[in-house]
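Each remark here refers to the structure printed beneath this line.
The values are calculated or read from the model by the stated rules, or taken from the named source; none is laboratory data. All figures in this text were calculated on a predicted structure; none of them were measured in a lab. Neighbour counts run over all protein chains shown; Cβ positions are idealised from the backbone, glycine included. With ligands, DNA and RNA removed, areas are computed over all heavy atoms of the protein, side chains included. Shrake-Rupley method; radii C 1.70, N 1.55, O 1.52, S 1.80 Å.
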Amino acid sequence: MDFDLINIEHLYDLEYVLGRFSYKIDEYINDEVVIDCTFSTDIMNLAAILMADRYNKVIQKNIFPIDINKSRSNSQKNCDLLKLQHYFNHNSFQLMNELLDNTYKMKNSNIKLYRQLASDYSNWDNFNYESISNRRYNLDFPEYSEEFLNNQRALQKILDPSDKRHFPYQIADMLNNAKRRYVEGKYNDAVMRLYRTMDIIAHAELLTKYGVNKSNIDVNLLTKLGIKRRYISKIENQHRSRTTSKEIEINLTEGYFLLYRLNNKIGRYYYKNIELFTRLNRIRNKSILNHGKASLTSDDYNEYETVTLEVARMFSPIIDRYMAEVKFPRFKIDDDKKYFL
């Protein structure tokens, strides 16, 4: 038997996988094709289902062939719901909307529900917190009530800078967002989010512990906190070399050095491991999204994430709990095949 293999580099990017499948199936469009998804991953399984539906082919799983054509009329509604939930699980919100534009068996109430769900979590995924609706998804999906309620409570904290848990939830959400980009194989985007997480931590530590606004430094406050005039002048000079703005803003590195000058534990950790943080900065700088020309790797991300999580846990020892509460819900679909029988 001859094999014609195709290379799939981004295993967790559903749209990419669909494109690779479509490219190969088009070569055999007039032949009898059976798509076997036995032992496949969730993404590959979903891609196989969608390809069988799109090309009117037979799908086979666990050695039992399933003809999509024979069951379409009486299972399209469940099929579409399954696709929507899989799309949601993989943050493919655009695909959710495309399916909702073309579905013909789903009730209008479900169409509105899933369209709002796609819109709200797409906004959340893009940090457009203010655009998220007040819909109580815990009532729409009672079996996932706890997850949606946790998200609702977390979002309230993120939207309220005066809440004492605002920063822990914001940091947790940025960490989760970075992980979602990593799972999608978008390592450059993921590392940029980890860098932003480190920046938020420095800002939050300075503001909550010392009243210092990293984006608008009060020189008199630094003097009262015991910072030497020589170091304050250095901050002022560095600021003038970057901009003519009167408001003195310090970058990430300057923020951690200021924490060190304040004898803060996170600042001391930064100073003690300065070579490690310099390496992380080189990783970020080599990215094509920043100053470099390279595409970052999973190893780059993992190294950066390890340190970022350690610093985040220093800022909030229960940051992992916040990350769990702000994590997007995931629909539990144990047996895809039943939706097509």
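When the residues of the range 292-317 are filtered to those that are in a loop (DSSP other than H, G, I, E, B), open to solvent by less than 40 Å² (accessible area, probe 1.4 Å) and small (G, A, S), the one that is nearest to H166 (Cα to Cα) is S316. Taking G185 as the residue in question, decide whether it is more than 20 Å from F315 (Cβ to Cβ), touching a helix residue (DSSP H, G or I) at 6+ places or on another chain (Cβ under 9 Å) and among the small types (G, A, S). Here the answer is yes, as G185 does meet what is asked.
Surrounded by 15 or more Cβ atoms within 10 Å (Cβ to Cβ), over 30 Å from D189 (Cα atoms) and among the aliphatic types (A, V, I, L, M): is that true of I132 in this structure? The answer is no for I132. Can you find even one residue in the range 264-279 that is open to solvent by 80 Å² or more (accessible area, probe 1.4 Å) and under 12 Å from L206 (Cβ atoms)? No: zero hits. For the range 326-338, taking the residues that are crowded, with 18+ Cβ neighbours inside 10 Å and part of a helix (DSSP H, G or I), the one that is modelled with the highest pLDDT is identified as V326.
So for the range 241-248 (the condition being open to solvent by less than 100 Å² (accessible area, probe 1.4 Å) and either charged (D, E, K, R) or in contact (Cβ under 8 Å) with a residue 12 or more places away in the chain (or both)), does at least one residue qualify? Among the residues of the range 241-248, at least one is open to solvent by less than 100 Å² (accessible area, probe 1.4 Å) and either charged (D, E, K, R) or in contact (Cβ under 8 Å) with a residue 12 or more places away in the chain (or both), which makes the answer yes.
Taking the criterion of being of a type outside the set (G, A, S) and surrounded by 14 or more Cβ atoms within 10 Å (Cβ to Cβ), the residues of the range 252-263 that qualify are L252, T253, E254, Y256, F257, L258, L259, Y260, R261, L262. Taking the criterion of being open to solvent by 30 Å² or more (accessible area, probe 1.4 Å), within 20 Å of the chain's Cα centre (by Cα) and without any contact (Cβ under 8 Å) to a residue 12 or more places away in the chain, would at least one residue in the range 143-154 satisfy it? Yes, there is a match, as at least one residue in the range 143-154 is open to solvent by 30 Å² or more (accessible area, probe 1.4 Å), within 20 Å of the chain's Cα centre (by Cα) and without any contact (Cβ under 8 Å) to a residue 12 or more places away in the chain. You will find that of T208, T197, the residue that is open to solvent by 20 Å² or more (accessible area, probe 1.4 Å) and under 17 Å from L252 (Cα atoms) is T208 and no other. So which residues in the range 262-291 are touching a Lys or Arg at 6+ places or on another chain (Cβ under 8 Å) and not in a loop (DSSP other than H, G, I, E, B)? The answer is G267, and nothing else.
Only a single criterion out of (1) under 21 Å from G255 (Cβ atoms); (2) open to solvent by 30 Å² or more (accessible area, probe 1.4 Å); (3) modelled with pLDDT under 95 is not satisfied by K186, namely (1). In the range 88-101, how many are surrounded by 17 or more Cβ atoms within 10 Å (Cβ to Cβ) and either assigned to a loop (DSSP other than H, G, I, E, B) or of a type in the set (D, E) (or both)? The total comes to 3. Among the residues in the range 102-118, are any buried (at least 16 other Cβ atoms within 10 Å of the Cβ), at pLDDT 95 or above and out of contact with any helix residue (DSSP H, G or I) (no Cβ under 7 Å at 6 or more places or on another chain)? There is no residue in the range 102-118 that is buried (at least 16 other Cβ atoms within 10 Å of the Cβ), at pLDDT 95 or above and out of contact with any helix residue (DSSP H, G or I) (no Cβ under 7 Å at 6 or more places or on another chain). Of the helices (runs of 4 or more DSSP H) contained entirely in the range 125-216, those carrying at least 1 residues that are of a type outside the set (G, A, S) and farther than 24 Å from R115 by Cβ fall at 145-159, 166-183, 187-210.
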